[in-house]
Amino acid sequence: TGTYTYDGEAHTVTGYDAEADSKLYDEATMIEFNGTSEATRTEVGKTDMGLAEDQFKNTNANFEVEFTVTDGYVQINPIDKVTVTITGHTGTYTYDGEAHTVKGYDVAISNPLYKEADFTFSGTSEATRTEVGTQNMGLAVSQFENTSEAFSEVEFVVNDGWVKIEPAKVNVTITGHTG
């Protein structure tokens, strides 16, 4: 058997051990095996070898043999934790009477095996503003969901995006009337 933590690679377990309760019985020369003693797995989960009692045969007539078989397997466990940091785009503009929009976000992931395709986003990553002030995108942790079974715990850290409109600087010259 073999147990591994998911790493994106295929893992294989081969072979079996045989042990008789009599010192006179030589497992190496008195057992005929008709099967495959191998299990391979890449993704999270368990793959059995498929060893069964009917695959083993006693080749020595001096012994009446009862085979007890415990199947072999390879088990791939999920990675314990990965952190996904979402950072919304930002933009600062000077008031010009026009609407300004900021869209999208950047993704940083603590484990290179975890990809953007391994989570879904159910919100809108956009903020628009015309007047002076700040408009947030509204990005939230609840809008991101892990869809990969290879990672048992995914923590999303979200930094909201925003667009900010600053006041326009205007010089006004006032000249009093004279007469």
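The values are calculated or read from the model by the stated rules, or taken from the named source; none is laboratory data. Here the structure is a predicted model, which means the values were calculated and not measured. A quick note on method: Cβ atoms are made from the backbone with ideal geometry, for glycine too, and the neighbour counts reach across all protein chains shown. Heavy atoms of the whole protein, side chains included, go into the accessibility calculation; ligands, DNA and RNA do not. Shrake-Rupley method; radii C 1.70, N 1.55, O 1.52, S 1.80 Å.
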Quick one: is ALA127 out of contact with any Pro (no Cβ under 6 Å at 6 or more places or on another chain) and not in a loop (DSSP other than H, G, I, E, B)? yes
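Here is a list: GLY161, GLY123, GLY91. Which entry is of a type outside the set (A, V, I, L, M) and without any contact (Cβ under 8 Å) to a residue 60 or more places away in the chain?
After ruling out the rest, the residue left standing is GLY123.
Conditions tested, residue by residue: (1) of a type in the set (Phe, Trp, Tyr); (2) modelled with pLDDT of 95 or more; (3) under 17 Å from GLY8 (Cα atoms).
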residue	(1), (2), (3)
GLY35	no, no, no
PHE63	yes, no, no
ASP80	no, no, yes
THR92	no, yes, no
LYS103	no, yes, no
TYR114	yes, no, yes
SER122	no, yes, no
GLU126	no, yes, no
GLU131	no, yes, no
For segment 6-17, name all the residues that are surrounded by 13 or more Cβ atoms within 10 Å (Cβ to Cβ) and either in a strand (DSSP E or B) or over 14 Å from the mean Cα position of the chain (by Cα) (or both). HIS11, VAL13, THR14, TYR16
Does GLY2 satisfy being touching a strand residue (DSSP E or B) at 6+ places or on another chain (Cβ under 6 Å), within 30 Å of ASN111 (Cα to Cα) and open to solvent by less than 70 Å² (accessible area, probe 1.4 Å)? yes
Testing TYR95 on (1) of a type in the set (Phe, Trp, Tyr); (2) touching a helix residue (DSSP H, G or I) at 6+ places or on another chain (Cβ under 8 Å); (3) farther than 30 Å from ASP17 by Cβ, one condition comes back false. Which one is that? (2)
For segment 53-80, what are the residues that are touching a Phe, Trp or Tyr at 6+ places or on another chain (Cβ under 9 Å) and among the small types (Gly, Ala, Ser)? GLY72
Considering segment 96-107, residues that are open to solvent by 50 Å² or more (accessible area, probe 1.4 Å) and part of a loop (DSSP other than H, G, I, E, B), and then whichever is farthest from GLU38 (Cα to Cα), we arrive at ASP96
Residue check, ILE31 touching a Lys or Arg at 6+ places or on another chain (Cβ under 8 Å) and surrounded by 12 or more Cβ atoms within 10 Å (Cβ to Cβ): yes
Exactly one of (1) among the hydroxyl-bearing types (Ser, Thr, Tyr); (2) farther than 30 Å from GLU9 by Cα; (3) surrounded by 15 or more Cβ atoms within 10 Å (Cβ to Cβ); (4) touching a Phe, Trp or Tyr at 6+ places or on another chain (Cβ under 8 Å) is unmet by SER148. Its number? (2)
